[in-house]
Amino acid sequence: MPAFARTPPTLARALLLGCRAGLLVFLALYTLCALLNMQLGYQGNESRVVTEYVWSEWRRVVLWQVARLLGAYCAVGLLLGALLGAGLWAAERSRRAVFWLSGLGCMVVEGFLVTADMARHPHLYAATLYERSEVTAEVLRVLSGTQPSGWTFAALVLPVLSVLAVVGRWLAESPRWRGVLGGVTAAAAVAGFTGLGLTRTEQGPESPGRARPNLLILASDGLRPDHLSGNGYSRSTSPNIDQLMEEGTRFNDTVVQVPRTAPSWTTLLTSQYAGEHPVVHTLVGREARETKLTTLATALEAQGYRTAVVADYAGDHFSRFPYGFQKVSAPDFRFPDLVRQRMLITHVALLPWTALAPGLFKERGEFPELTDPAPLRTRVRHVLDGLPEDAPFALVVFASSTHFPYAAPWPLEGKYVERGYRGPWRFGATPRMEVDPDAPATTPEDVAALGANYDAGVRTFDGLVGNVRADLERRGRWDDTLVVLVSDHGEHLEDEGLGQGHGDHLWGSAGLRIPFVVRLPGQVASGRQVTQRARSLDVAPTVLDLLGVPAPESFRGRSLASLARPGPEPKALPDVPALIETDIWFSDRDGHAYQTVRVPYPWLYEIAMVEGDTGEIALKPEWEGPVRRARHRGLYLGRWKLLELPTPDGVRVQLFDTVSDPAELRDVAGDNPNVVATMRAKLAAELPDATGEARGAVGP
């Protein structure tokens, strides 16, 4: 061995050797991740059509993301390698030892950091690793439930030791550093105590009285009311929501029109049916996205309210549609963002580092596999901090914790999954666009695991509800705030034999029913349960009525405030129709039962386009009419539920008696022809025709 290799290097040389070692390690990790994960897909839905389209039309986005990823790997390798190299210089190691030990240290730190992130968010890694091999799947299963902070501490050992070694050598070699260090320590202590004092003096201010209450709407995507423990569910999924229901009034039967996020939220905020407002389905075009809307937010702003909405992954529509909120903190869902997101998630070696600098890779915060509400809560706090004290606020908080793939973070992840379950839905599931002919049949254990992951998501959202409540209580703003709990739609969890997801069919009630709870001391009855059916159409008028704000003339729904006000049990209101419709069918080959009773049109990859200038995914104009005419539609009225299912051979009609058959399992249309005729007439009168075209055969 040459003598120079055994000689301790200078600090500059040690930094160079450490940087070189770290760079080589992280370039190797980049290459490994890139080679093992070449296919672009979305939550397990991979398509050669999409991959070829991305490479041909969005090559610039792909190459720029490759450059960003490669740059991030290089930056991490250089910084970590330099830090470890400096520590080895302080330990007076030889040049060869500095190089090899820096590289080994980088691998150790990387291993522990990835392990910590896997323990906290295994769903994030399951998207790439769970189905890759039994070895990687077993790693995820073993790490699930372990304490992430232990792994994080292990990852910090070498960097911290390096810093201490460098500081120790400087102190040993130069006594003047001792005085500098002492001065810095004293200044830090003074600043810390001063800051603590300021923090203590600023806590818990009482807000001044207001003429009108504030408004807080708490919502989670796909939240099923029958999975709330306060509604009789067997698991303790919702202690904070249960308390909210006991302190307020709950509407036990609230249905939405279109059980998909964007059209449903637009109906809720505008109090108009889809077709009366322009968001008739999930993938509307530019004109619909830019149409000015009269909403709950605009009505409140006109009365002096400061309006804001804070949302995570599933709330992209808040940033894409002009709902009128003065402050919007929500992600985008444009195609280039989607490409960058799916490229990043395959780089498992980089994922934990992106959590340390989320501003550099904002797409991490938009992963559907990452529904940790902690960042959402932080943004809610920032919005509350920026609201004025002399005006009431209206704040919407929309979480994605209960949206597929039902990815609760530690410590709730896997909490309810049966021990020993090793099936495909251990880390949640996403509806598939194509049937895998080689996939094993779904088992009862799979269905139970799916429900267990969903319930962990419910408990996660419930924790956010409790945290936001605590924040408002500390500010003295909880009891003068009208709190509303809602959702955009329900969710099918294979538990009724009706598939998974939402928006594809109208059978059963799991995808159509949402929670609707209101709480305001003195203005809303506590512990009341309203059994009369409500509609998402009625939420905004009810909220405005309880706030003392007049509803806009364009609102179609009616106020249910009289059913929630304190006093004797109120009389029921007359029954009114509740329109229900399906959204776009994303696939024509997913194998679900609704495919047998529908007018066919191609799957999403053929009927959708990406707008070149905006990157928005929209339905091709020639398919607007066919898609709208092919939708399933129906109506709740009184005890009856009617469905009209267009097929190539005509419309099939189904009728369900929701009183004698609450599970909606028996079609009684043949036994009640007069009821069918009356209900179909009601549906024809209620149904907006957004296409402006006569109903007829479907085709472009």
Q. Can you name the number of the only condition in (1) touching a residue at least 60 places away in the same chain (Cβ under 8 Å); (2) closer than 30 Å to LEU300 by Cβ; (3) surrounded by 15 or more Cβ atoms within 10 Å (Cβ to Cβ); (4) not β-branched (Val, Ile, Thr) that GLY548 fails?
A. (3)
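Determine which member of the set ARG379, ARG342, ARG334 is buried (at least 21 other Cβ atoms within 10 Å of the Cβ), within 18 Å of the chain's Cα centre (by Cα) and not aliphatic (A, V, I, L, M).
Numbers: ARG379 fails: buried (at least 21 other Cβ atoms within 10 Å of the Cβ); ARG334 fails: buried (at least 21 other Cβ atoms within 10 Å of the Cβ).
Only one candidate qualifies: ARG342.
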Q.
Please pick out the residue among SER554, SER526, SER559 that is open to solvent by 10 Å² or more (accessible area, probe 1.4 Å) and either under 23 Å from LEU687 (Cβ atoms) or outside any loop (DSSP other than H, G, I, E, B) (or both).
A. SER554
(Q) Out of everything in segment 124-146 that is in a helix (DSSP H, G or I) and without any contact (Cβ under 8 Å) to a residue 60 or more places away in the chain, what residue ends up being farthest from ALA90 (Cα to Cα)? (A) GLU134
Q: Would you be able to say whether some residue in segment 147-158 is within 23 Å of the chain's Cα centre (by Cα), closer than 29 Å to ALA429 by Cβ, surrounded by fewer than 19 Cβ atoms within 10 Å (Cβ to Cβ) and touching a residue at least 24 places away in the same chain (Cβ under 8 Å)?
A: yes
Q.
Taking the conditions exactly as written (open to solvent by less than 30 Å² (accessible area, probe 1.4 Å) and either closer than 23 Å to HIS502 by Cα or touching an Asp or Glu at 6+ places or on another chain (Cβ under 8 Å) (or both)), does ARG432 satisfy them or not?
A. no
(Q) Of everything in segment 91-117, what is over 12 Å from GLY18 (Cα atoms), outside any loop (DSSP other than H, G, I, E, B) and of a type in the set (A, V, I, L, M, F, W, C)? Give them in sequence order. (A) MET107, VAL108, VAL109, PHE112, LEU113, VAL114, ALA116
Q) Restricting segment 490-541 to residues that are out of contact with any helix residue (DSSP H, G or I) (no Cβ under 8 Å at 6 or more places or on another chain) and among the polar types (S, T, N, Q), which is farthest from PRO552 (Cα to Cα)? A) SER509
Q. Restricting attention to segment 450-480, which residues are out of contact with any Phe, Trp or Tyr (no Cβ under 7 Å at 6 or more places or on another chain), part of a helix (DSSP H, G or I), surrounded by fewer than 21 Cβ atoms within 10 Å (Cβ to Cβ) and charged (D, E, K, R)?
A. ASP471, GLU473, ARG474
Q | Contacts under 7 angstrom Cβ, first residue in segment 658-685 being closer than 19 Å to TRP507 by Cβ, partner open to solvent by 80 Å² or more (accessible area, probe 1.4 Å) and not in a helix (DSSP H, G or I), 6 or more apart | A | THR658/ARG639; VAL659/ARG639
Q: Would you kindly identify the helices (runs of 4 or more DSSP H) lying entirely within segment 224-317 that contain at least 2 residues that are touching a Gly at 6+ places or on another chain (Cβ under 8 Å) and within 30 Å of ARG364 (Cα to Cα)?
A: 239-247
Q: Kindly list, by first and then second residue, each pair from a residue in segment 398-409 that is farther than 11 Å from ALA311 by Cβ to a residue that is in a loop (DSSP other than H, G, I, E, B) and of a type in the set (A, V, I, L, M), limited to pairs with Cβ atoms under 7 Å and residues at least 6 apart or on different chains.
A: SER401/ALA408; THR402/LEU223; PHE404/ALA429; PRO405/ALA429; ALA407/LEU370
Q | Count of residues meeting criterion [open to solvent by less than 20 Å² (accessible area, probe 1.4 Å) and touching a residue at least 40 places away in the same chain (Cβ under 8 Å)] in segment 481-499 | A | 13
Q: Determine if segment 572-588 includes at least one residue that is more than 27 Å from GLU494 (Cα to Cα), open to solvent by less than 60 Å² (accessible area, probe 1.4 Å) and within 29 Å of the chain's Cα centre (by Cα).
A: no
(Q) Residues to consider are ARG364, ARG419; find the one that is over 14 Å from VAL310 (Cα atoms), under 14 Å from the mean Cα position of the chain (by Cα) and without any contact (Cβ under 8 Å) to a residue 60 or more places away in the chain. (A) ARG364
Q) Which of the residues spanning segment 636-657 are free of Cβ contacts under 8 Å to residues at least 12 places away in the same chain and under 25 Å from GLY497 (Cα atoms)? A) VAL651
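Consider GLN303 carefully, then state whether it is of a type outside the set (D, E, K, R), open to solvent by less than 10 Å² (accessible area, probe 1.4 Å) and under 30 Å from SER562 (Cβ atoms).
When the stated conditions are applied, GLN303 does not pass them.
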**Q.** Out of GLU494, GLU413, GLU445, sole residue that is within 25 Å of ALA137 (Cβ to Cβ) and in contact with a strand residue (DSSP E or B) (Cβ under 8 Å, 6 or more places away or on another chain)
**A.** GLU494
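The values are calculated or read from the model by the stated rules, or taken from the named source; none is laboratory data. Computed from a prediction, not measured in an experiment: that's the story for all the values here. All Cβ positions, even for glycine, are placed from backbone atoms using ideal geometry, and neighbour counts span all protein chains on display. Side chains included, ligands, DNA and RNA excluded: accessible areas come from the protein's heavy atoms. Shrake-Rupley method; radii C 1.70, N 1.55, O 1.52, S 1.80 Å.
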